[in-house]
Amino acid sequence: MVDPKLSPKKKPQTIKTIVASRYPLVMEGLSKILEEDNKIKVVSGVSNLIDLVQSSKQFDFDILVLDVELKGLNLTKILGLVKKNKSAKVILLIDNDYSENLLINAIRSGVRGYLLKDANSSELIKSVKAVFDGELWAERKLMGKVVDGSSYSTKKVEVKGQIYDLTETEIKIIKLLLTGLTNREIADELYISEKTVKFHLYKVFKKLKVKNRSELILFGFRNGFVT
């Protein structure tokens, strides 16, 4: 019989975390809250995109707690960096008015959960532990839409007496297109692939009866389609 005193004790695994927020005070506060739990260790706290990219490459980490307000944030590229570390997962910190469609696209792209900024410290710690254990930290109603993959509900948009049924994503793409963004830049802005942007534009062309990107831009400006 093995003497229990001689049996090696399995050391509990520490959840290595990076915290990124554009506001240093917020970043420091989040880091302090997380490190109050003895199972979580903050290996890096950053307040800008350059430091985040550097930390993603430099540190071995399990969870990235990422504020969507981080200046210059390109979530697609950050997810690409994180994916190089097979165990790492992303939790987004969002405001109450954050777009549901953007959040759905973010989760489909690889984000493993989100937390509202008015959440308490207990929820923050629970979300980190849950995502570390392989769970998705999100509202059940939202996850249903993520899994379903069906088209978003349409909105009726009236242009000079003509009614068009467009989804929220299609409307956002048109708005971004009229600001001069390329398909790649639109994809980065909405956290979707460039291929998905092209698919949405194809549907928009058919709905608005325009032949190409140039005609869509002309249509938009002539008709005040997007304000």
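The numbers here are math on the coordinates, done by the rules we state, and not lab data. Remember, it's a predicted structure, so these values are computed and weren't measured experimentally. Cβ atoms come from the backbone with ideal geometry, glycine included; neighbour counts cover every protein chain shown.
Summary table below
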quantity	calculated
Cα-based reach from Lys16 at 16 Å (exclusive), listing aspartates and glutamates while leaving out same-chain residues under 8 positions away	Glu28, Glu35, Glu36, Asp37, Asp60, Asp62, Asp133
Shape category assigned to the stretch 80-129 from the gyration tensor of Cα positions, a/c cut at 1.5	oblate
The stretch 15-147 - percent relative contact order, Cα under 8 Å, separation 6 or more	22 percent
Efficiency of FRET from Cβ geometry, Ser87 and Glu36, R₀ 22 Å, rounded to 0.05	0.45
Order of Tyr23, Tyr98, Tyr202 - criterion: other Cβ atoms within 10 Å of each residue's Cβ, fewest first	Tyr202, Tyr23, Tyr98
Set Lys89/Lys203; Lys71/Lys172; Lys32/Lys175; Lys117/Lys172; Lys89/Lys117; Lys39/Lys83 screened for pairs whose C-alpha atoms are more than 30 Å apart	Lys89/Lys203; Lys32/Lys175
Exposure proxy ranking, count of Cβ atoms within 10 Å, fewest first, for Glu189, Glu100, Glu170	Glu100, Glu189, Glu170
Under the Karplus curve 6.51 cos²θ - 1.76 cosθ + 1.60, θ = phi - 60°, whole-Hz ³J(HN,Hα) for the stretch 110-115, x wherever Gly or Pro sits	x, 5, 9, x, 8, 9
Relative contact order (percent, whole number), the stretch 154-223, Cα cutoff 8 Å, 6+ residue spacing	28 percent
Net length gained if the chain between Ser121 and Asn212 were fully extended (0.36 nm per residue, minus Cα distance)	27.8 nm
Backbone HN-Hα couplings from phi across the stretch 67-72 [Karplus 6.51/-1.76/1.60, Hz, Gly and Pro as x]	6, 5, 7, 3, 4, x
Long-range amide H partners of Val68 with built H, under 5 Å	Leu93
Extension reserve of the Lys77-Lys203 stretch, reckoned as 0.36 nm per residue once the Cα distance is removed	42.7 nm
Residue list for the stretch 92-108, given a label point 7 angstrom along the Cα-to-Cβ vector of Tyr23 and an amide N cut-off under 19 Å	92-99
